Amino acid sequence: MAKETLTVTDNRTGRTYELPVSDGTIRAMDLRQIKVGDDDFGLMSYDPAYKNTASTRSSITFIDGEKGVLWYRGYSIDELAENCTFLEVAYLLLFGELPNRDQLQVWEREITHHTLLHENMKGLYEDFRYDAHPMGMLISGVAALSTFYPEAKAVEDVENRLLQIKRLIAKMPTLAAYAYRFSMGFPINYPDNDLTYAGNFLNMMFKMVEPTYEPHPALQRALDVLFILHADHEQNAGTTAMRTVGSTLSDPYCAVSAAAAALYGPRHGGANEAVVRMLTEIGHVDEVPDYVERVKNGEFRLMGFGHRVYKNYDPRARIVKQVADDVFDVMGRNPLLDIALELERIALQDDYFVSRKLYPNVDFYSGIIYQAMGLPTSMFPVMFAIPRTVGWLAQWQELLEDPEEAIARPRQIYTGSQKRDYRPIDDRA
Ligand code: CMC
């Protein structure tokens with residue numbers, strides 16, 4: 001039988017080493033024994049942007065990027081999106097199994113119970129500039145919550161951790177809706193505990209003077225599906241930020257704030273905002289070929305296209321496209337859809353995109369749906385952060401329970417000067 005090892009010969013010394021291979025991986029620390037002399041630190045691997053480094057073992061989410069497959073805890077994203085509610089999926093991600101009827105009822109009640117924010121949070125939001133980006137407000141708001149729950153610092157206390165997890169899942173939509181309402185100059189809406197998670201979010205966003213808000217069932221369901229699709233995506237930049245900050249034993253509010261900050265960038269969760277800006281700039285289907293040429297000339301990237309892991313169609317993008325139709329039936333067709341469809345059609349025939357395996361990702365169509373729902377562009381990354389909070393928390397919990405857990409602290413290859421003598425200011429060139 002073949003041995004599960006890797007034999008390495010160091011041509012600098014002629015020595016040979018046998019390294020164990022487990023799960024298709026060698027341990028970077030096993031390289032450390034490979035030295036040219038006693039004072040040598042030992043071999044390291046160099047992997048900027050973690051392109052080929054597994055930073056953890058995880059049982060939460062599985063992606064096969066070549067086949068375009070995504071599972072949460074072994075269930076395919078298609079089945080979950082078709083049959084589950086977002087809170088059901090949140091339970092699955094956090095606890096490993098789908099809840100039974102009783103467990104789901106308790107879970108929904110517990111999340112609903114924590115949706116209110118401390119009244120002082122209003123003061124924080126009121127002090128932002130009138131045109132503050134809602135993602136900046138959300139990132140600040142969630143970090144500020146750590147000051148209201150100082151007991152959250154006890155991250156190694158399992159019960160306390162669970163309480164903070166429930167609070168965070170419950171309060172993220174409220175924080176997000178506050179950011180929107182303040183940016184519009186509208187009074188805030190308090191949560192309505194009779195509504196579902198998605199329905200209550202729509203209530204906090206869009207209720208005006210009517211005594212009670214009745215969310216449209218189709219919009220409520222569409223939002224729930226979008227939340228399911230965005231709930232987790234294994235070790236992406238935001239989750240890596242969550243795990244890195246979590247590994248210092250920082251409290252989960254600060255860690256979620258850091259994860260949300262990582263998500264905000266246009267290469268990550270800010271891409272949905274960038275897509276709609278791009279489609280608006282293109283303006284008309286006739287302009288698409290020119291725009292694609294400019295992308296190929298390297299002027300800019302096609303936003304909502306490409307993925308570090310998926311080298312096939314992003315399965316989430318396929319489901320998002322179906323959700324778009326349901327939303328357009330209620331809200332009317334977003335004219336940007338035609339530009340997006342033409343862009344996809346042309347790009348998928350073009351060797352530049354085909355040879356680089358660049359396909360639409362989840363963000364390509366989600367922004368168009370949010371816009372049709374009446375959300376301003378700046379709210380799109382916020383809409384990503386709400387459900388992704390569940391994934392961040394599941395990954396954070398897994399990290400804290402991992403026996404190999406330790407502070408995240410990569411190495412570097414130093415490229416600066418060797419030791420030199422200090423120069424008084426008058427002697428400097
Ligand atoms: N448009 C045009 N060319 C692209 C694009 C794009 N969107 N993405 C990658 N390429 C090209 C890139 O120029 C490179 O070409 P070459 O080999 O000639 O230099 C090649 O494809 C490989 O690109 P890369 O930068 O090495 O790929 P990466 O894995 O580092 O980047 C990415 C992944 C998602 C950051 C990138 O595809 C991108 O910038 N896409 C646009 C932003 C976007 O839609 N982000 C959302 C990601 S999905 C939601 C989420 O999980 O956050």
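Residue count for the range 141-155, restricted to those that are surrounded by fewer than 18 Cβ atoms within 10 Å (Cβ to Cβ) and either modelled with pLDDT under 95 or in a helix (DSSP H, G or I) (or both): 5. If the condition is being near the ligand (Cβ under 7 Å from one of its atoms) and either modelled with pLDDT of 95 or more or crowded, with 16+ Cβ neighbours inside 10 Å (or both), then the range 264-273 contributes 266, 268, 269, 271. Residues in the range 349-363 that are more than 7 Å from the ligand (Cβ to nearest atom) and buried (at least 24 other Cβ atoms within 10 Å of the Cβ): 360 only.
Filter the range 372-384 down to residues that are away from the ligand (no atom under 11 Å from the Cβ) and either buried (at least 24 other Cβ atoms within 10 Å of the Cβ) or part of a loop (DSSP other than H, G, I, E, B) (or both), then give me how many there are.
Residues of the range 372-384 away from the ligand (no atom under 11 Å from the Cβ): 372-380, 382-383.
Then drop every residue that is not either buried (at least 24 other Cβ atoms within 10 Å of the Cβ) or part of a loop (DSSP other than H, G, I, E, B) (or both), which leaves 373-376, 379-380, 382-383.
Adding up the residues that qualify gives 8.
Of all the residues that make up the range 345-362, how many are in contact (Cβ under 8 Å) with a residue 24 or more places away in the chain and β-branched (Val, Ile, Thr)? Residues in the range 345-362 being in contact (Cβ under 8 Å) with a residue 24 or more places away in the chain and β-branched (Val, Ile, Thr): 2 in total. Cβ-Cβ contacts under 6 Å between residues 6 or more apart (or on different chains), taken from a first residue in the range 383-394 that is outside the structural domain of residue 143 (by TED's automatic domain parsing) to a second residue that is of a type in the set (D, E, K, R), are listed as 391/232.
A quick yes/no check of all residues on (1) in contact with a strand residue (DSSP E or B) (Cβ under 9 Å, 6 or more places away or on another chain); (2) of a type in the set (Asp, Glu); (3) under 29 Å from residue 402 (Cα atoms):
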position	(1), (2), (3)
115	no, no, no
135	no, no, no
147	no, no, yes
151	no, yes, yes
155	no, no, yes
166	no, no, yes
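Among the residues of the range 65-82, those that are in contact with a strand residue (DSSP E or B) (Cβ under 9 Å, 6 or more places away or on another chain) and either part of a helix (DSSP H, G or I) or surrounded by fewer than 21 Cβ atoms within 10 Å (Cβ to Cβ) (or both) comprise 69, 71, 73, 74, 76, 77, 78, 80. Per the listing 198, 170, the residue uniquely surrounded by fewer than 24 Cβ atoms within 10 Å (Cβ to Cβ), of a type in the set (Gly, Ala, Ser) and part of a helix (DSSP H, G or I) is 170.
The values are calculated or read from the model by the stated rules, or taken from the named source; none is laboratory data. Fair warning: this is a prediction, and the values are worked out from it, not measured in the lab. Please note: Cβ atoms are built from the backbone with ideal geometry, for glycine as well, and neighbour counts cover all protein chains shown.
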